[in-house]
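Working notes, beginning with the structure itself.
The values are calculated or read from the model by the stated rules, or taken from the named source; none is laboratory data. Model, not experiment: these values are computed from the prediction. Methodologically, a virtual Cβ is constructed for each residue, glycine included, from the backbone with ideal geometry; neighbour enumeration extends over all protein chains shown.
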Amino acid sequence: MPYSNIMRSIPKQPRIIGIDHVDGLMIAVIFNNGETREIDFEGIFQNLELPADSPIRKLEKPANFKKVNIANDTLSWDNVNFYTTFKGKKMKVPFEIGADVLYQKSKHIANSKPATIGSRLRAIRVKSGLTQDQVAKKSGTTRNYISRIENEASGIELDTLFKIVRNGLGKEFEIRITP
């Protein structure tokens with residue numbers, strides 16, 4: 001088997017890239033494959049059969065559980081510490097569970113299809129009573145290009161999107177990236 005085929009057959013290592021929300025001992029996370037998955041930690045903790053004095057028991061309280069963050073591409077709790085020895089030195093490390101384990105223990109959350117740029121542009125154009133041809137002329141593009149964008153048959157560069165929204169539709173827009 002050629003090397004390139006071997007490389008393609010190796011699955012990607014799951015990594016957590018974002019936390020969508022935390023509710024009690026349930027957490028929804030975004031993995032590097034784009035999936036939002038929900039993890040029930042109440043079930044995970046029960047399966048661990050933790051001793052009464054385990055530091056992990058702190059996380060059974062939602063207030064402590066919510067102190068989760070992302071470190072090393074997985075979930076991490078700085079408020080639950082363990083000690084390990086590395087190269088002869090005792091080190092304090094936070095509680096983490098590997099992203100591969102969390103992926104296996106999670107379930108996919110079916111998201112409703114998000115609004116696309118094309119569908120939003122179409123809705124605003126129609127609401128404004130404009131034709132594709134009118135928007136194209138005002139923004140310096142073609143009716144065919146506006147149609148392809150609205151039907152998700154073409155990508156769009158940011159500067160072109162600005163021209164279509166500002167000049168073609170007479171609207172303003174902002175881009176926000178939220179945690």
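What to note about this one:
- Residue in segment 136-148 that is surrounded by 17 or more Cβ atoms within 10 Å (Cβ to Cβ) and at pLDDT below 90 present: no
- Filtering segment 106-130 to residues that are exposed (fewer than 13 other Cβ atoms within 10 Å of the Cβ) and polar (S, T, N, Q) leaves N111, S112.
- Residue selected from segment 95-148 under the condition charged (D, E, K, R) and in contact with a Leu (Cβ under 7 Å, 6 or more places away or on another chain), by the criterion nearest to E35 (Cα to Cα): E96
- Residue in segment 72-81 that is assigned to a strand (DSSP E or B), in the same structural domain as K12 (by TED's automatic domain parsing) and among the acidic types (D, E) present: yes
- Taking the criterion of being among the hydroxyl-bearing types (S, T, Y) and closer than 30 Å to I156 by Cβ, the residues of segment 70-127 that qualify are S112, T116, S119.
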